[in-house]
Amino acid sequence: VGNLSISRLCQPEMIITAVNGQLPGPTINVTEGDTVVVHLVNESPYNMTIHWHGVFQRGSQWADGPSMITQCPVGPSGNYTYRFNVSDQEGTLWWHAHISFLRATVYGAIVLNPGAAAPFPAKPDAEHVVLLGEWWNANVVDLERMAFLTGIPARNADAYTINGKPGDLYNCTAANQTEVFRVRRNETHLLRIINAALNTPLFVKVAGHGFTVVAVDASYTTPYATDVVVIAPGQTVDALMVADANATASPGGRFYMAATPYDSAVPSGPPFSQTTATAVVEYVGEADDAVPPVLPARPDYNDTATAHRFWSNLTALVLPGKPTVPLAVDTHMFVTVGLGVSDCQTAQLLCNRSAPPVFSSSMNNASFVAPTAISLLEAHFSNASASVYTRDFPDTPPVVFDYTGDESDNATMQFTTKSTKVKTLRYNETVEMVLQNTRLIAKESHPMHIHGLNFFVLAQGFGNYDEATAAPLFNLVNPQERNTIAVPTGGWAVIRFVANNPGMWYMHCHFEAHIEFGLAMVFEVLDGPTPETSLPPPPADLPRC
């Protein structure tokens with residue numbers, strides 16, 4: 001990980017932090033069952049960690065990567081070797097920096113090839129990684145630091161990108177700014193779509209083409225036909241696309257892939273870039289560079305109906321030997337997720353202490369603060385939790401209120417306090433969690449990600465969760481399995497998982513602006529009865545704070 005000089009949007013070259021001198025970073029190709037060894041050598045000027053997003057890390061919990069949760073960061077000129085096994089997972093995951101805003105440029109794909117043929121309706125002739133991102137004409141570390149110091153969220157990105165390139169629709173004519181995917185007529189192509197953007201869900205369309213979704217978050221789905229993929233930060237979608245476009249629809253044999261933002265905030269959220277990233281799908285032997293590519297019709301920025309239809313219609317492809325939804329529940333949790341305000345923290349040196357409270361975010365009114373002297377996993381392993389964290393993350397919010405009603409958005413309800421709370425679970429405990437979005441500051445679709453585990457999505461909807469009407473609608477047969485769910489804006493989602501992985505597992509919003517201000521918590525999963533179900537000792541080269 002080091003400095004890379006790069007230019008985007010026809011701006012002068014700037015220095016970014018990148019892996020192996022490229023943006024995005026290299027794709028890691030593995031076969032199910034492989035052991036992966038990655039040597040991180042930090043030649044950047046910043047502290048660094050890498051998270052292997054969606055990898056379970058069973059037996060390798062120290063390699064998960066989030067800064068101050070499972071490890072202290074690797075300092076400049078330092079190094080650390082990540083070692084983990086990839087078992088019982090197939091499809092597409094990804095890796096990214098898990099410190100500051102550095103995942104804006106430190107990210108890449110993980111392709112988990114199956115040991116046998118994948119259960120797709122058609123065998124792909126080729127496949128492509130489609131990494132969606134955001135680009136700032138600025139130093140993202142400085143942006144993050146100023147946001148923390150002031151308590152004011154950082155500004156929006158200047159552009160969206162596909163494989164690190166913004167495409168043709170920005171006011172820039174520089175060469176090599178548009179990704180090209182070459183196809184041959186009637187071939188089936190597998191698109192491994194990953195949303196690596198910091199703060200923006202995206203609609204993805206290809207002019208003249210449809211998709212068949214076959215997996216999400218490295219979990220197979222019942223094949224789902226759609227003309228649009230909707231993908232929140234942290235999520236992955238595997239989609240088959242047949243190169244069968246009507247030749248008369250584009251005489252030049254070139255079609256735009258377009259990625260546009262989904263702005264879910266109601267009544268309004270922070271400013272966002274109302275622009276479109278593009279790549280080109282080009283037919284070999286038919287392409288004519290003199291003819292402009294065809295642009296697809298794009299959803300409105302606030303098209304919640306399209307987003308919800310996509311996210312709620314997905315179901316799992318039930319396969320022999322694969323996990324099924326647990327029917328008995330040990331622990332029920334009702335967790336509000338949303339925005340709010342809090343007092344300035346001591347370290348927020350530029351915070352206006354004479355003004356009203358500053359922006360914050362929380363789960364069940366607990367706004368998470370990571371420790372600074374020792375990681376949570378080290379404190380857990382050493383039985384040294386005192387003064388590091390408390391085991392009192394609440395199963396329910398402190399007060400019951402009209403979570404999505406406008407009248408609830410008042411100064412009293414918005415206020416939250418800072419803490420480092422975890423929820424302790426027994427090994428193999430089954431948890432059902434209602435994730436309830438709130439109206440505080442704004443309703444918004446929050447992409448909630450859990451480390452070390454997958455969960456089943458039993459149901460989702462809008463308004464305040466009502467168990468009497470929702471429970472009969474639970475999908476207990478083939479619910480989609482994910483590691484990141486976009487909770488409907490002004491709505492709720494019910495997830496269920498088995499805590500079958502000992503360790504400290506971060507659960508947080510995958511909007512970097514929100515995790516920075518506390519929209520997170522941690523599950524402390526206790527050891528099981530055998531050495532194989534217990535947390536191993538830390539590796540000898542684990543970084544120290």
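The values are calculated or read from the model by the stated rules, or taken from the named source; none is laboratory data. All of these numbers come straight from a predicted model, not from anything done at the bench. When we count neighbours, we look across all protein chains shown, and the Cβ atoms used for this are built from the backbone with ideal geometry, even at glycine. Areas reflect the complete protein model, heavy atoms only, side chains present, ligands, DNA and RNA absent. Shrake-Rupley method; radii C 1.70, N 1.55, O 1.52, S 1.80 Å.
The table below lists the values:
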| item | result |
| --- | --- |
| Entries of Lys123/Lys205; Lys418/Lys443; Lys165/Lys205; Lys123/Lys165 with Cα pairs more than 24 Å apart | Lys123/Lys165 |
| Interchain or long-range residues, amide H under 5 Å from Glu127's placed H | Leu190 |
| All-pairs alpha carbon distance profile, the stretch 321-422, 5 Å steps from 0, percent | 2, 10, 17, 16, 16, 15, 11, 7, 3, 2, 1, 0 |
| Ala470-Ala305 pseudo-label distance in nm [points 7 Å out on the Cα-to-Cβ vector] | 2.4 nm |
| Nearest-20 debye value, the stretch 332-438 charge dipole, Cβ charges on Lys, Arg, Asp, Glu | 460 debye |
| Approximate spin-label separation Met14-Ser87, in nm, with each point projected 7 Å along Cα-to-Cβ | 4.5 nm |
| Protein accessible area in the chain, 1.4 Å probe - carbon and sulfur % | 52 percent |
| Ellipticity estimate at 222 nm from DSSP helix runs (n ≥ 4, -39,500 (n - 2.57)) divided over the chain, nearest 500 | -2000 deg cm²/dmol |
| Relative contact order of the chain, defined on C-alpha pairs under 8 angstrom at six or more residues apart (%) | 15 percent |
| Only Lys, Arg (+1) and Asp, Glu (-1) charged, at Cβ; the chain dipole about Cα centre in debye | 380 debye |
| Label zone at Asp406 (point 7 Å along Cα-to-Cβ), backbone N below 20 Å, the stretch 261-279 | 264-270 |
| Amide H contacts under 5 Å for His53, placed H, 5+ residues apart | Trp94, Trp95, His96 |
| Rounded to 10°, Cα long-axis angle of helix 304-313 versus longest principal axis of the chain | 80 degrees |
| Accessible area per residue in Å² at 1.4 Å probe, computed on the stretch 331-533 | 36 Å² |
| Electrostatic dipole magnitude of the stretch 331-533 [Cβ: Lys, Arg +1; Asp, Glu -1; Cα centre; debye, to 20] | 240 debye |
| Computed FRET value (nearest 0.05) for Val329 with Asn383, which takes r as the C-beta separation and R₀ as 25 Å | 0.30 |
| Per-pair calculated FRET efficiency, R0 = 22 Å: Ser77 and Thr372 via Cβ, rounded to 0.05 | 0.60 |
| Rounded to whole Hz, the Karplus (6.51, -1.76, 1.60) HN-Hα couplings of the stretch 217-230, x for glycine and proline | 6, 6, 9, 5, 10, 4, x, 10, 7, 7, 9, 9, 9, 10 |
| Residue-level accessible surface for Met433, protein heavy atoms, 1.4 Å, Å² | 0 Å² |
| Model label zone, Arg155; criterion: amide N under 17 Å from point 7 Å along Cα-to-beta-carbon; scope the stretch 168-189 | 171 |
| Signed unit charges on C-beta, dipole axis of the chain, positive-most listed residue Gly340, Asn475, Val266 | Gly340 |
| Set of the stretch 114-128 residues, backbone N closer than 12 Å to the point 7 Å along the Cα-Cβ line of Glu32 | 114-120 |
| Per-bin percent of Cα-Cα distances, the chain [20 Å] | 22, 59, 19, 0 |
| Estimated vicinal HN-Hα couplings, Hz - the stretch 366-382 in sequence order (Karplus 6.51, -1.76, 1.60; Gly, Pro = x) | 10, 9, 6, 10, 6, x, 10, 9, 7, 6, 4, 5, 5, 5, 5, 5, 8 |
| Filtered GluC sites (Glu not before Pro), the stretch 8-107: DSSP coil and at most 11 other beta carbons within 10 Å | Glu13 |
| Distance in nm between pseudo-label sites at Glu127 and Ala540 (7 Å out along the Cβ direction from Cα) | 3.7 nm |
| Sequence ranges 451-463, 279-291, ranked by mean other-Cβ count within 10 angstrom, highest first | 451-463, 279-291 |
| Per residue accessible area in Å² of the stretch 139-270, where ligands, DNA and RNA are left out and the probe is 1.4 Å | 33 Å² |
